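**Q** Take this structure first; my questions come after.
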Amino acid sequence: MQTTPYFLYAASNLGSLIALLAYPFVLEPAFGLKALSGFWAIGFLLLMAALAGVFLLMLRSAAAIGAEG
């Protein structure tokens, strides 16, 4: 029996809708715009650090493969 992924698509869309509605009604009143701006900035910096780490790992991996071949 083969199942279709449409239930998962619907569940994902519902979760996204709930998050979009919760942001202005739950997070903004609880933390304020200044704090949320800081959270987003920290999250972005963490993302950049993770991407830089992956990039360096890929460079090291490519150099090791190049040295072997």
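The values are calculated or read from the model by the stated rules, or taken from the named source; none is laboratory data. As the structure is a computational prediction, the values presented were derived from the model and not from experiment. Here Cβ is always computed from backbone atoms with ideal geometry, including for glycine, and neighbour counts include all displayed protein chains. We work out accessible area using only protein heavy atoms, side chains counted, and drop any ligands, DNA or RNA first. Shrake-Rupley method; radii C 1.70, N 1.55, O 1.52, S 1.80 Å.
Quick grid of which residues meet (1) modelled with pLDDT of 95 or more; (2) surrounded by 10 or more Cβ atoms within 10 Å (Cβ to Cβ); (3) assigned to a helix (DSSP H, G or I):
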residue: Thr3; (1), (2), (3): no, no, no
residue: Leu8; (1), (2), (3): no, yes, yes
residue: Ser16; (1), (2), (3): yes, yes, yes
residue: Leu47; (1), (2), (3): yes, yes, yes
residue: Leu57; (1), (2), (3): yes, yes, yes
residue: Ile65; (1), (2), (3): no, no, yes
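**Q** Go through (1) out of contact with any helix residue (DSSP H, G or I) (no Cβ under 8 Å at 6 or more places or on another chain); (2) open to solvent by less than 60 Å² (accessible area, probe 1.4 Å) one by one and return the number of the condition Leu36 breaks.
**A** Just one mismatch for Leu36, condition (1).
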